[in-house]
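Encoded as structure tokens, the structure appears first; notes follow it.
The values are calculated or read from the model by the stated rules, or taken from the named source; none is laboratory data. Here the structure is a predicted model, which means the values were calculated and not measured. Methodologically, a virtual Cβ is constructed for each residue, glycine included, from the backbone with ideal geometry; neighbour enumeration extends over all protein chains shown.
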Amino acid sequence: MLCSRRFLIFMAAGLAPALACILDERFIPLLIVYDVFLCCLLLLDFLTIPGAGALRAERDCPDVVSHGLPLRITLRFFNYSRHPLRVEFNDSPPSSFESETCRGSAVIPAGEAIDVRYEAAPSERGDYEFGDLFCRLYGRLGMAVRSRRLSLSARVSVYPDLAAISRRDYLRAPSVCLRSGTRRLRAMGEGFEFERLRDLVPGDDSRLIDWKSTAKRRKLTCRQYEMERGQNVMIALDCGRLMRQRAGRFSKLDWAVNAALYLAYVAAMKDDHVGLAVFDEEIRALLPPTKGRRQLPQISRCLYRAAASRLESDYSTAFSAISRCLQRRSLIVLFTDIVEPDVSRNLLDHMRMLAPRHLPLCIAMEDENVTGILDRYPEAVDHVYEKAVAVELRRDTAKAIAILERGGGIALTAPPGALSLAAAEKYLSIKARGAL
């Protein structure tokens, strides 16, 4: 049995008779009567709290959730007693779930059930388990409290951001634009096979205008070309120590996982063969390029298990394994981190070795701290030094990118939040140019 705040307030009110006893001993019986009366009320109130079978609870939450998105959890309380029941609860979401509302209170009418909802956002991928639900039941007078522990364990699998696919599914509506701070891309391509004539829309290249058809229809008309299908797209995910760094809410690896899954979806919708390689000091997962949407669940499961290592990545082993599973020219998209040329020398050397046969595309995240320092006007001496370091870091990254591009590769950097769309745009522009 526990005492509520209300009981403590009544106990504090008894300090007045206690002080009076110091001045006059005749008040001692009054103090004893008050304390006995208060203890009797506490005991009677405790007896009004129903037994263990009066309160039941259920937790309703999905088995599979998306990384970083708020998850709505419903707690359903059942009151089997004949009187209303006041309950304070404290749920036990996994430690990696960010939640500020997993505790609260409710009054459950007699013989009825109520729902209480709160949100929690998973910050890491993997398998997690909700713990038990801890409750406090109050007596009718609100003075006595009884604790209850309800066993509501449940397992939850946190996958990459699956909901991003439905949020950004521009392929279902060709008129919808992709925007990530660069330019507009259509869902249909500008490849080399003529498909049809259509009306000119804002953002179309003026070189595509068919002037003969425009003169006949008296309306601007352009030629639309179909992208080549059935090409190989191999997605390589670097899980080395450089990807452990935080970039805002998530690590760099988490942002790369979401972008890799979205790119795989876009490539599959374009009827390309999609494969995946996950590696650090060794190969963690290797899926050869396969056509069809049936490859997407396997890719999602591999990305769901991806975890950053504390060791350096072995690019030689990774690219050798990737080359062995590719039978023809492929677009190899590597999600990694590009730093100064000396540190990235091993990566750049191996990526340039892929260039004669394959088309390597290296995608890295911009450091938002460096970008913020470069955009900020220095107001103090310390800011000047910080900006000098930021300029040097940006120059080193540019040198590394230049080395890669001179070797026949392609490099792309984007802010973490825009990485998914930027990767999809780059893939579509490569197909549109027929570079693969």
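Determine which member of the set Ser420, Ser344 is out of contact with any Asp or Glu (no Cβ under 7 Å at 6 or more places or on another chain), among the hydroxyl-bearing types (Ser, Thr, Tyr) and touching a residue at least 60 places away in the same chain (Cβ under 8 Å). Answer to the selection: Ser420. Counting only helices (runs of 4 or more DSSP H) wholly contained in segment 1-100, the ones carrying 1 or more residues that are of a type in the set (A, V, I, L, M, F, W, C), on the phi < 0 side of the Ramachandran plot and touching a strand residue (DSSP E or B) at 6+ places or on another chain (Cβ under 6 Å) occupy 28-47.
Only residues that are of a type in the set (A, V, I, L, M) and within 21 Å of Ile410 (Cα to Cα) were counted in segment 284-320, giving 1.
Of all the listed residues (Ala424, Ala390, Ala435, Ala364), the sole one being crowded, with 18+ Cβ neighbours inside 10 Å and not in a helix (DSSP H, G or I) is Ala364.
Of all the listed residues (Arg82, Arg56), the sole one being surrounded by 12 or more Cβ atoms within 10 Å (Cβ to Cβ) and either touching a residue at least 12 places away in the same chain (Cβ under 8 Å) or assigned by TED's automatic domain parsing to the domain that holds Gly248 (or both) is Arg56. Can you name the residue in segment 215-231 that is over 14 Å from Asp205 (Cβ atoms) and in a loop (DSSP other than H, G, I, E, B) and, of all such residues, is modelled with the lowest pLDDT? Step by step, filter segment 215-231, then rank; the result is Met227.
Within this structure, Val64 passes the test of being outside the structural domain of Met11 (by TED's automatic domain parsing) and loosely packed, with under 12 Cβ neighbours inside 10 Å. Modelled with pLDDT of 70 or more, assigned to a strand (DSSP E or B) and either loosely packed, with under 12 Cβ neighbours inside 10 Å or not basic (Lys, Arg) (or both): does that describe Arg207? So Arg207 fails the test. Taking the condition of being closer than 20 Å to Gly131 by Cα and crowded, with 20+ Cβ neighbours inside 10 Å, how many residues in segment 69-79 meet it? Qualifying residue count, segment 69-79: 3. Arg406 passes every criterion in (1) at pLDDT 80 or above; (2) farther than 28 Å from Phe250 by Cα apart from (1). Considering every residue within segment 373-383, establish whether at least one is under 31 Å from the mean Cα position of the chain (by Cα), in contact (Cβ under 8 Å) with a residue 60 or more places away in the chain and in the same structural domain as Leu331 (by TED's automatic domain parsing). No, the conditions are met nowhere in segment 373-383.
Number of residues in segment 253-287 that are in contact with a His (Cβ under 9 Å, 6 or more places away or on another chain) and hydrophobic (A, V, I, L, M, F, W, C): the value is 2.
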